[in-house]
Amino acid sequence: MAPATPHFRKRKYDAFVSYAHADAPLARRIVHWLKNIAGLKIWFDEDELGPGQPIVQSLLDELDNCRGAVILATENAGKSDHVFAEFNHARETMSREPDFSLIIITPDVKSLPTPFKTASGISCTELNGSGWLSLIDAAKVLSSVAGFTSRPTLVHQELFVSRSENAGEREHADIVCKEFVAAEFGLVTDIITAGDWRNRVNRLMSEVHGHLVILPPREIAKQQCYLEEVRMSAQFGLPIFVCAHPNAQIPDELSGSEYFVKWDGIGECWDLEEVIRRFQRGLRTKTEPAEVFLACQYRERRERNELLRAVIERATSRFCRIGSDHHVYRPELTGELIQQVLSARLVIADVASEVDADGLPLVNLNTCIETGIAIGANREHIVLVRGSEDTKGKTDALPFMLRNCQILYYEDDIELLGKLHRALTPFRRRLVTC
């Protein structure tokens, strides 16, 4: 008997990699980048599959323990029954689970093998002439596997949302969220992953204006997860709006909330608009913006920097500022840049994006200055340096004040992208866009 499919949020892996065994070297390279460099949880048969297991059914069962799939659609895969079975199983899963990600990697999009030509609407990316991913396509694969959301939009007030993603319950939660999006709130929630969720949620709650709790039709014993998040938000003094399904059993701690509405999401709720208006007036004033500042070399790096900005914004759902946003020098520009660094929640500093003939980093002075401002202001920061980690920063080219920082070395832009994602994990959050 096949094991029960885990709830989507509780699935162990970010993605399943499906490939023909003749393509094992390419599969290993992709898995290494996603798993060991980018820090994602990848199911790969060479790492996970035990001896003596019935292969085809075991693979499909393991796919049910993943939140996405990467299909290597090569000529070899087109002749593989098990790859085609995994591809079809992943498509069926995607039709049931809206957050399930499915991406195809192929040597030539125009010459997809016959079994995969029916992949209408499925994200597809192409290997370059060297048989590897370009920076743009690497970002596309990372975005799919990591489950990035949309880039942030300008809103005046943000709410942390406690809600159900279970089938049969998420429909009600989606309708409630639509009402708050229509009222021009930004809705954020934790990412779908394992790990220390309490630290992530505490970080998110420190940045928002209020807390929206959407109670599904459950008994009180199964509402405890919502109560735990309510207790966490109370530490930050967040006002709480409770929207309960009429069939939900309401814990005593929430029944007396100042902002409380019962609504099934179907009929009219005459109180909802008025309670939302009162709630808006009682929201906490956020003390600091939750923006990111990317300090980097600007000249001849615009396209690369814009790609990094897009990854940062989609991973963190926060606006990312870059000094090159200012195209014309003005006397007050230096002060404005300093203020952007000082007010950022996180500063990402790519202090050396080139190396010299000896492989040592060529440091950009302006980026080092911006990094120093962040360090002096006690801002959380990530320092990136192109070059071999063997140098350990012990070179005259790297300023002494940076040597106490945790430095992430990268050998090329693809490795930079992976290491940047791994470093951003504690800062990730998800936009609820409905």
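The values are calculated or read from the model by the stated rules, or taken from the named source; none is laboratory data. It should be emphasised that the depicted structure is a prediction, and the values quoted were computed from it without experimental measurement. Ideal geometry is used to build each Cβ from the backbone, glycine not excepted, and the neighbour counts take in all protein chains shown. Please note that ligands, DNA and RNA were not included when accessible areas were found on the heavy atoms of the full protein model with its side chains. Shrake-Rupley method; radii C 1.70, N 1.55, O 1.52, S 1.80 Å.
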### Query
Out of G265, G256, G282, which single residue is surrounded by fewer than 16 Cβ atoms within 10 Å (Cβ to Cβ) and under 31 Å from the mean Cα position of the chain (by Cα)?
G282
### Message
Looking at segment 262-271, can you tell me whether even one residue there is farther than 28 Å from G147 by Cα, assigned to a strand (DSSP E or B) and either in contact with a Phe, Trp or Tyr (Cβ under 6 Å, 6 or more places away or on another chain) or without any contact (Cβ under 8 Å) to a residue 60 or more places away in the chain (or both)?
### Response
yes
### Residue list for segment 325-358, filter: surrounded by 13 or more Cβ atoms within 10 Å (Cβ to Cβ) and basic (K, R)
R345
### Query
Exactly one of (1) polar (S, T, N, Q); (2) at pLDDT below 90; (3) open to solvent by 20 Å² or more (accessible area, probe 1.4 Å) is unmet by N65. Its number?
(2)
### Query
Of the residues that make up segment 401-424, is at least one closer than 30 Å to V176 by Cβ and either surrounded by 21 or more Cβ atoms within 10 Å (Cβ to Cβ) or modelled with pLDDT of 90 or more (or both)?
yes
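Yes/no matrix, rows are residues, columns are (1) in a strand (DSSP E or B); (2) open to solvent by 10 Å² or more (accessible area, probe 1.4 Å); (3) under 30 Å from A315 (Cα atoms); (4) at pLDDT below 95:
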position	(1), (2), (3), (4)
A22	no, yes, no, no
L26	no, yes, yes, no
I30	no, no, yes, no
L34	no, no, yes, no
G50	no, yes, no, yes
V56	no, yes, no, yes
V70	yes, no, yes, no
I103	yes, no, yes, no
### Task
Please indicate, with yes or no, whether at least one residue in segment 359-369 is more than 21 Å from L307 (Cβ to Cβ), open to solvent by less than 20 Å² (accessible area, probe 1.4 Å) and among the polar types (S, T, N, Q).
no
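Just wondering, is there one or more residues in segment 243-253 that are under 30 Å from the mean Cα position of the chain (by Cα) and open to solvent by less than 10 Å² (accessible area, probe 1.4 Å)? It would help to see each step written out before you state the result.
Step one: of segment 243-253, the residues under 30 Å from the mean Cα position of the chain (by Cα) are 243-245.
Keeping just the survivors that are open to solvent by less than 10 Å² (accessible area, probe 1.4 Å) gives 243-244.
For segment 243-253, residues under 30 Å from the mean Cα position of the chain (by Cα) and open to solvent by less than 10 Å² (accessible area, probe 1.4 Å): present.
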### Query
Quick check: anything in segment 86-93 of a type in the set (D, E, K, R), surrounded by 22 or more Cβ atoms within 10 Å (Cβ to Cβ) and over 30 Å from G282 (Cβ atoms)?
yes
### Query
Which residues, taken from segment 14-41, are free of Cβ contacts under 8 Å to residues at least 40 places away in the same chain and either β-branched (V, I, T) or touching a Gly at 6+ places or on another chain (Cβ under 8 Å) (or both)?
V31
### Query
Would you pick out the residues in segment 216-227 that are open to solvent by 10 Å² or more (accessible area, probe 1.4 Å) and of a type in the set (S, T, N, Q)?
Q224
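Quick test for you: out of I322, I375, pick the one residue that is open to solvent by 40 Å² or more (accessible area, probe 1.4 Å), within 25 Å of E207 (Cα to Cα), without any contact (Cβ under 8 Å) to a residue 40 or more places away in the chain and touching a strand residue (DSSP E or B) at 6+ places or on another chain (Cβ under 9 Å).
Working: I322 fails: open to solvent by 40 Å² or more (accessible area, probe 1.4 Å).
On inspection, the qualifying residue turns out to be I375.
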